[in-house]
Amino acid sequence: MAIRPIIRFPDPLLGIAAETVSRFEEDLRQLAEDLLDTMRAAPGIGITAPHIGVLRRVTVIELDQKTGPRTFINPEIVWRSSETARHSEGSVSMPGISEEVERPASVRVRYQTLSGEPAEEEADGLMAVCLQHELDQLDGIFWTRRLSRLKRERAEKRFKKS
């Protein structure tokens, strides 16, 4: 297990879609462990492999240590609710900056486990927010692109000053 350097905004790697994982071997498990260590050290509640410069469709989310970390390989949203919710979001690649983002309140996600087993589940609340946020990053969409132009420019300006 290792804490890896986090790529900082506006690194162009954050705008590139990650590649599908096809090999479910020990290096994938090691990547997931490194992501967890890196996320906890940041600190954060979600991280993707692209945040550390690895363009693979892997994300780790840990909303609290009681429920523990969750690893999603090749996740995709297969359903979104029409109801929306607003939640404050930020990124380990842009520490100290957050803004409210509106997203569907619930989602259903299809993914694979670390061993390659297919899985599907529905999420709402903070887990739905995190899944959508991290899946955006896996698609090369940095979270500030979900903001209005004015809010995005303000957030980026605040980050440059920090």
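The values are calculated or read from the model by the stated rules, or taken from the named source; none is laboratory data. Keep in mind that what you see is a predicted model, and the values were worked out from it rather than measured. All Cβ positions, even for glycine, are placed from backbone atoms using ideal geometry, and neighbour counts span all protein chains on display. Areas reflect the complete protein model, heavy atoms only, side chains present, ligands, DNA and RNA absent. Shrake-Rupley method; radii C 1.70, N 1.55, O 1.52, S 1.80 Å.
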* **Boolean, Glu83 is among the acidic types (Asp, Glu) and open to solvent by less than 30 Å² (accessible area, probe 1.4 Å)** => no
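Regarding Thr71, is this residue of a type outside the set (A, V, I, L, M, F, W, C), surrounded by 13 or more Cβ atoms within 10 Å (Cβ to Cβ) and more than 29 Å from Arg158 (Cα to Cα)? Break it down stepwise before answering.
Numbers: of a type outside the set (A, V, I, L, M, F, W, C): yes; surrounded by 13 or more Cβ atoms within 10 Å (Cβ to Cβ): yes; more than 29 Å from Arg158 (Cα to Cα): yes.
When the stated conditions are applied, Thr71 passes them.
Listed here are the residues, each with its yes/no results for (1) of a type in the set (S, T, N, Q); (2) surrounded by fewer than 16 Cβ atoms within 10 Å (Cβ to Cβ).
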position: Met94; (1), (2): no, no
position: Glu99; (1), (2): no, no
position: Pro104; (1), (2): no, no
position: Tyr111; (1), (2): no, no
position: Ser115; (1), (2): yes, yes
position: Glu122; (1), (2): no, yes
position: Leu126; (1), (2): no, yes
position: His133; (1), (2): no, no
position: Asp136; (1), (2): no, no
* Is one or more of the residues making up region 29-52 assigned to a loop (DSSP other than H, G, I, E, B) and either polar (S, T, N, Q) or over 22 Å from Gly125 (Cβ atoms) (or both)? -> no
* To do: Could you identify the single residue in Val60, Val78 that is open to solvent by less than 60 Å² (accessible area, probe 1.4 Å), touching a Pro at 6+ places or on another chain (Cβ under 7 Å), aliphatic (A, V, I, L, M) and in contact (Cβ under 8 Å) with a residue 12 or more places away in the chain?
  => Val60
* Asked: Yes or no: Leu63 among the aliphatic types (A, V, I, L, M) and under 10 Å from the mean Cα position of the chain (by Cα)?
  -> no
* Cross-chain or 6+ apart pairs with Cβ under 7 Å, region 31-45 first and open to solvent by 30 Å² or more (accessible area, probe 1.4 Å), then basic (Lys, Arg) and at pLDDT below 95 -> none
